[in-house]
Amino acid sequence: MKINENTVLQGKRAALVPYTSAHVPRYHEWMQSEELQRLTASEPLSLEQEYEMQCSWRDDADKCTFIVLDTERWPGQADEDCMVGDVNLFLTDPEDPTLAEIEIMIAEPSYRGRGFGKEATLMMMSYGVRNLGITAFEAKIGQENKASICMFKKLHFKEVAVNSIFQEVTLRLDVSDQERRWLLEQTNHVEERSYIELKLPAEVLET
């Protein structure tokens, strides 16, 4: 999805930046982890396939992806040195473009349990509501991923289905007026900025 190709969402802990080719080697390194493959129900890809996937995520109208960075370290350091994880929206129902499936991955173990996943998820949800017209979110999470299930429930998601074959739980949040107000209140500290403008000073310093 190209709507966010120059968008940075800067929060207290996490900064969300568009997924570019510069992020692919680090992302590919993460996805060699059997634990992350299991938690994200992903198959390992070659580096070339990962670059192709990055292009797909950038260009496809039904996917919106941000890379999660540590805002204390960025933009003073290169993106790839500050990467924490990623957050995605998938518009999975062609007949209902207001429904989005949301995924969050905090790939760096040292950043888990520190509020990065929660803030990044709230920022992405707020972006989806404000910029993409999303009115309902679903999250599909492996039953063993208790931490992620617990986090989504704290964000007002309700369990709506369990798939025992895939050992997966589906949680859903319908964004009522009250939920929308709550969501915007939770993210009123977030600044939306230009990725190109933020990157330029860092690139000048590097040269």
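Could you check, for the range 57-69, whether at least one of its residues is without any contact (Cβ under 8 Å) to a residue 24 or more places away in the chain and surrounded by fewer than 18 Cβ atoms within 10 Å (Cβ to Cβ)?
Scanning the range 57-69, I find no residue that is without any contact (Cβ under 8 Å) to a residue 24 or more places away in the chain and surrounded by fewer than 18 Cβ atoms within 10 Å (Cβ to Cβ), so the answer is no.
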Report summary line: Among residues of the range 80-136 being assigned to a strand (DSSP E or B) and of a type in the set (V, I, T), the residue farthest from E168 (Cα to Cα) is V84
Query raised in the report: Given the structure, is G117 under 27 Å from P25 (Cα atoms), open to solvent by less than 40 Å² (accessible area, probe 1.4 Å) and not polar (S, T, N, Q)?
Result: yes
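Kindly indicate whether any position in the range 141-148 is open to solvent by 70 Å² or more (accessible area, probe 1.4 Å) and either more than 22 Å from M105 (Cβ to Cβ) or assigned to a strand (DSSP E or B) (or both).
Among the residues of the range 141-148, not one is open to solvent by 70 Å² or more (accessible area, probe 1.4 Å) and either more than 22 Å from M105 (Cβ to Cβ) or assigned to a strand (DSSP E or B) (or both), which makes the answer no.
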Query - Where a residue in the range 174-190 is within 14 Å of T121 (Cα to Cα) and modelled with pLDDT of 95 or more and its partner, wherever it lies, is small (G, A, S) and assigned to a helix (DSSP H, G or I), with Cβ under 8 Å and at least six apart - result: L183/S126; L184/S126; Q186/S126; T187/S126; V190/S126
Requested in this report: Look at the range 120-134 and say how many of its residues are closer than 11 Å to L89 by Cβ and buried (at least 20 other Cβ atoms within 10 Å of the Cβ).
Outcome: 7
Query - Neighbours by Cβ (under 7 Å, 6+ apart or cross-chain): first from the range 35-46, closer than 21 Å to V169 by Cβ; second part of a helix (DSSP H, G or I) and aromatic (F, W, Y) - result: L36/W30
Query raised in the report: Within the range 149-203, which strands (runs of 3 or more DSSP E) (wholly inside it) include 1 or more residues that are more than 25 Å from N4 (Cα to Cα), of a type in the set (A, V, I, L, M) and open to solvent by 70 Å² or more (accessible area, probe 1.4 Å)?
Result: 158-163
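The values are calculated or read from the model by the stated rules, or taken from the named source; none is laboratory data. As the structure is a computational prediction, the values presented were derived from the model and not from experiment. Note that each Cβ is placed from the backbone with ideal geometry, even for glycine, and that neighbours are counted across all protein chains shown. For accessibility, only protein heavy atoms count, side chains too; no ligands or nucleic acids. Shrake-Rupley method; radii C 1.70, N 1.55, O 1.52, S 1.80 Å.
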